Amino acid sequence: MSEPIRQVALTTVVLGVLVAVAACQSPPSPQGPPSAANSSSAATSTTPTGSAAAETVIDISVADGAVTPTNATVQGAVGQPIVLVVSSDVVDSLHVHSVPEHVFDVEARPDQRFEFTVRVPGRVDVELHNLHRTVVTIEATP
Amino acid sequence: MTADFADTVLAHGVGGSTDLPVPLSYALIGAAWALALTFAVVAVAWRTPRFDPAKPGHPLPKWVSDAVDSPAIRWIAALAALVFTAWVLVAAMWGPQGSGNALPGVFYVLLWVGLAAISVVVGPIWRAISPVRTISRLLGVSRGHRAAGDARRKYPANFGYWPAVLGLFAFVWLELASPDPGSLTAIKIWILAYAVAMLLGAAVFGSTWFARADPFEVYSVTVSRLAPLRRNRATGRIVVGNPLDHLPTMPVRAGTVAVMAVLLGSTAFDSFSQSRTFRDFVDGNAATVPFFGDHGGAAVLRTAVLLLFVVIVGVTFSGAARATSGVSREQRRELPGRLAHCLIPIVVGYIFAHYLSYLVERGQETIVRLADPLGKGWQLLALDPGDVQYFLSQNPTLLWTIKVGCVVVGHLVGVIAAHDRALRLLPVGHQLVGQLAMMLTMVAYTLTGLYLLFGG
């Protein structure tokens, strides 16, 4: 009765160890620190000036009570400047839940630039206050 | 009104960043270990029950027990906690009414996570320091009789822990599902309702009410079953012993399983609610909820899903506990309660995996804020915001290892406890097959937990 179960258990242990070994050898995860080349993802664009290659730029537009993007994820790095470029048709405020936190007043006009850096690694939500929407989550790695 | 900065601090009501998601490789290694260890325990391990709450343990020196039991020391601890509460309330009322206030950090971080951290080491400390118990005793003393002895009615046994389950759910609801977790007003209303419910209940049912209905006391008692320190019931001495001998002393009452379900379900919901899938779902459907408006509709959806998580944990656990052969109907009905303590290690492991960096980092920030309760630039005890250390966040690989380690160790201890309990409860011949459903359920909880830590 217990002999087959014993064999199942042994097989599972062996399989488990194999999976663990395979996982150890898997390529670096996408959460690893991004290099300067791929630091801008789908929701970002590099600055036209090109002077600060390490900048992460996030374009945000608020129109007709809706914000684009929402709930996006962007890779960033600690100490590296992050720039929010906001075009809005209403007054609102952006809250950046980093350590330390930042608050930016958004006016009803295009191309406002807000720059900040994140000091402590973590997932940083950028939230639009009046609309109650999370615009983007920045995964700031060390 | 509170300043409008305070009422949008979303994450757990205390603001700041949250942990980076655990990489897939860490989650996979954790999952592989959890699976392998589970089957090793079920099939290769011992065949007669090993763990027994009646084991004596190694007694600590007698002065330790004397100190813990000394009325003077108990009064000093209780009054110190009461003074601390008053300090926090003064800061809440007259301190900065924005994100600089210490109240959310004390409430969500020091109370919720700190209480678990202390209870898992030294035991059910809330019973000794609970401010509502102290107030109730002070009122009783001033009226010239003992608060414990003056119950007007006997606490009904069929209430069990259910009032505490409601309280625990109210707490996690405020933190994870309410429209405004960071709102000082909302937290103050919650605390007021809690204090009124505790003191009124105690006036009717005496101090038994605190033991059954105070969410923090039941939480503290639950977590404390994993503590290495306990009291030898025969001699009354404080002893050091194997936590696995201590675990089965979790009282089995109506609602014991529900306590576990709220604790585990809400922590899982907290991870899940940060995922993009869930946020998109809430954003897309909030407006379709009638009567509550867009913002209120989002809270209704979050509440429904939070409740769903809790119910899923409760139903799957009860179902798995009953899924055995060779027991009578009566015995089968009792099984979920008699196995409930096996969930405690999984709950505690997951709480620490999830909130450890919160406790350490937001906890430090909170203490710094408490050193300047009124926002006047005081630096009591020479604490200033520059002192806060973010060591865990700055070393993500260490934090990830700790997180996955907490989940896997919690899972292993839970599985060992469940195996041992099955040997005691189930008839010979049904012991191996009878515990399979429980083992698979625990594996499912752990894999789900790891998947959620990975970021879904």
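The values are calculated or read from the model by the stated rules, or taken from the named source; none is laboratory data. These figures come from a predicted structure and were not determined experimentally. Quick reminder, even Gly has a Cβ in these numbers, built from the backbone with ideal geometry, and neighbours come from all protein chains shown.
The rows are residues; the columns are (1) in contact (Cβ under 8 Å) with a residue 40 or more places away in the chain; (2) closer than 27 Å to residue B:123 by Cβ.
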position	(1), (2)
B:290	no, no
B:294	no, no
B:320	yes, no
B:327	yes, no
B:355	yes, yes
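Table: residues versus (1) under 24 Å from the mean Cα position of the chain (by Cα); (2) touching a residue at least 24 places away in the same chain (Cβ under 8 Å).
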residue	(1), (2)
B:55	no, yes
B:60	no, yes
B:71	no, no
B:75	no, no
B:82	yes, yes
B:90	no, yes
B:97	no, yes
B:103	yes, yes
| task | Quickly run through region B:68-116 and pick out the residues that are assigned to a helix (DSSP H, G or I), surrounded by 18 or more Cβ atoms within 10 Å (Cβ to Cβ) and not aliphatic (A, V, I, L, M). | result | B:85, B:104, B:105, B:107, B:108, B:112
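Tell me, yes or no, whether region B:364-378 has at least one residue that is in contact with a Phe, Trp or Tyr (Cβ under 8 Å, 6 or more places away or on another chain), part of a helix (DSSP H, G or I) and among the hydroxyl-bearing types (Ser, Thr, Tyr). Spell out how you get there, then give the answer.
Of region B:364-378, the ones in contact with a Phe, Trp or Tyr (Cβ under 8 Å, 6 or more places away or on another chain) are B:370-374.
Checking the rest, the ones that are also part of a helix (DSSP H, G or I) come to B:370.
In the following step, the residues that additionally are among the hydroxyl-bearing types (Ser, Thr, Tyr) were identified as none.
No, the conditions are met nowhere in region B:364-378.
From the list B:251, B:336, B:345, exactly one residue is under 20 Å from the mean Cα position of the chain (by Cα), buried (at least 16 other Cβ atoms within 10 Å of the Cβ) and over 22 Å from residue B:436 (Cα atoms). Which is it? Let's see the steps before the verdict.
Working: B:336 fails: over 22 Å from residue B:436 (Cα atoms); B:345 fails: over 22 Å from residue B:436 (Cα atoms).
Unique residue meeting the criteria: B:251.
Name the residue, out of B:277, B:235, that is assigned to a loop (DSSP other than H, G, I, E, B), at pLDDT below 95, more than 17 Å from the chain's Cα centre (by Cα) and among the polar types (S, T, N, Q). Working first, answer last.
Numbers: B:277 fails: assigned to a loop (DSSP other than H, G, I, E, B).
That would be B:235, the only listed residue that is assigned to a loop (DSSP other than H, G, I, E, B), at pLDDT below 95, more than 17 Å from the chain's Cα centre (by Cα) and among the polar types (S, T, N, Q).
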| Checking residue B:353 against (1) more than 14 Å from chain A (Cβ to nearest Cβ); (2) surrounded by fewer than 20 Cβ atoms within 10 Å (Cβ to Cβ); (3) within 18 Å of residue B:406 (Cα to Cα), which single condition isn't satisfied? | (2)
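Pick out the one residue from B:111, B:115 that is closer than 17 Å to residue B:86 by Cα and within 17 Å of the chain's Cα centre (by Cα). Please lay out each step first, then the result.
Working: B:115 fails: closer than 17 Å to residue B:86 by Cα.
Of the residues listed, the single one that is closer than 17 Å to residue B:86 by Cα and within 17 Å of the chain's Cα centre (by Cα) is B:111.
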| Do we have residue B:226 as assigned to a loop (DSSP other than H, G, I, E, B) and surrounded by 19 or more Cβ atoms within 10 Å (Cβ to Cβ) here? | yes
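Taking the stated definitions as given, is residue B:235 β-branched (Val, Ile, Thr) and either crowded, with 24+ Cβ neighbours inside 10 Å or more than 27 Å from residue B:140 (Cβ to Cβ) (or both)?
Working: β-branched (Val, Ile, Thr): yes; either crowded, with 24+ Cβ neighbours inside 10 Å or more than 27 Å from residue B:140 (Cβ to Cβ) (or both): yes.
In short, yes.
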| In region B:392-399, is there at least one residue being of a type in the set (A, V, I, L, M), touching a residue at least 12 places away in the same chain (Cβ under 8 Å) and closer than 19 Å to residue B:351 by Cβ? | yes
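Residues are listed down the side, and each one gets a yes or a no for (1) modelled with pLDDT under 85; (2) closer than 21 Å to residue B:226 by Cα; (3) outside any loop (DSSP other than H, G, I, E, B):
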| residue | (1), (2), (3) |
| --- | --- |
| B:22 | no, no, no |
| B:27 | no, no, yes |
| B:31 | no, no, yes |
| B:37 | no, yes, yes |
| B:54 | no, yes, no |
| B:66 | no, no, yes |
| query | Taking the stated definitions as given, is residue B:343 in a helix (DSSP H, G or I), touching a residue at least 12 places away in the same chain (Cβ under 8 Å), of a type in the set (A, V, I, L, M) and closer than 25 Å to residue B:270 by Cα? | reply | yes
| Among the residues listed as B:357, B:318, the single one being of a type in the set (Ser, Thr, Tyr), under 19 Å from residue B:16 (Cα atoms) and in a helix (DSSP H, G or I) | B:357
| task | Examine region B:406-426 for a residue that is over 22 Å from residue B:32 (Cβ atoms), free of Cβ contacts under 8 Å to residues at least 60 places away in the same chain and either within 12 Å of chain A (Cβ to nearest Cβ) or not in a helix (DSSP H, G or I) (or both), and state whether such a residue exists. | result | no
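Does residue B:13 count as within 14 Å of another protein chain (Cβ to nearest Cβ), over 30 Å from residue B:415 (Cα atoms) and either of a type in the set (Gly, Ala, Ser) or out of contact with any helix residue (DSSP H, G or I) (no Cβ under 9 Å at 6 or more places or on another chain) (or both)? Explain how you work it out, then say what you get.
Working: within 14 Å of another protein chain (Cβ to nearest Cβ): yes; over 30 Å from residue B:415 (Cα atoms): yes; either of a type in the set (Gly, Ala, Ser) or out of contact with any helix residue (DSSP H, G or I) (no Cβ under 9 Å at 6 or more places or on another chain) (or both): yes.
Judged against the criteria, residue B:13 is a match.
Restricting attention to region A:103-125, which residues are more than 11 Å from chain B (Cβ to nearest Cβ) and assigned to a strand (DSSP E or B)? Talk me through it step by step, then tell me what you get.
We begin by selecting, within region A:103-125, every residue more than 11 Å from chain B (Cβ to nearest Cβ); these are A:104-117.
The answer is A:104, A:105, A:106, A:112, A:113, A:114, A:115, A:116.
Assess whether residue B:303 counts as being in contact (Cβ under 8 Å) with a residue 40 or more places away in the chain, among the β-branched types (Val, Ile, Thr), more than 27 Å from residue B:438 (Cβ to Cβ) and in a helix (DSSP H, G or I).
yes
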| said: Take residue B:249 and tell me if it is modelled with pLDDT of 95 or more and of a type in the set (S, T, N, Q). | reply: no
| message | Anything in region A:69-95 that is within 14 Å of another protein chain (Cβ to nearest Cβ), assigned to a strand (DSSP E or B) and touching a residue at least 40 places away in the same chain (Cβ under 8 Å)? List them, or say none. | response | A:72, A:73, A:74, A:75, A:76, A:77, A:82, A:94
| message | Looking at (1) in contact (Cβ under 8 Å) with a residue 60 or more places away in the chain; (2) more than 19 Å from residue B:14 (Cβ to Cβ); (3) not acidic (Asp, Glu), which one does residue B:402 not meet, given that it meets all the others? | response | (1)
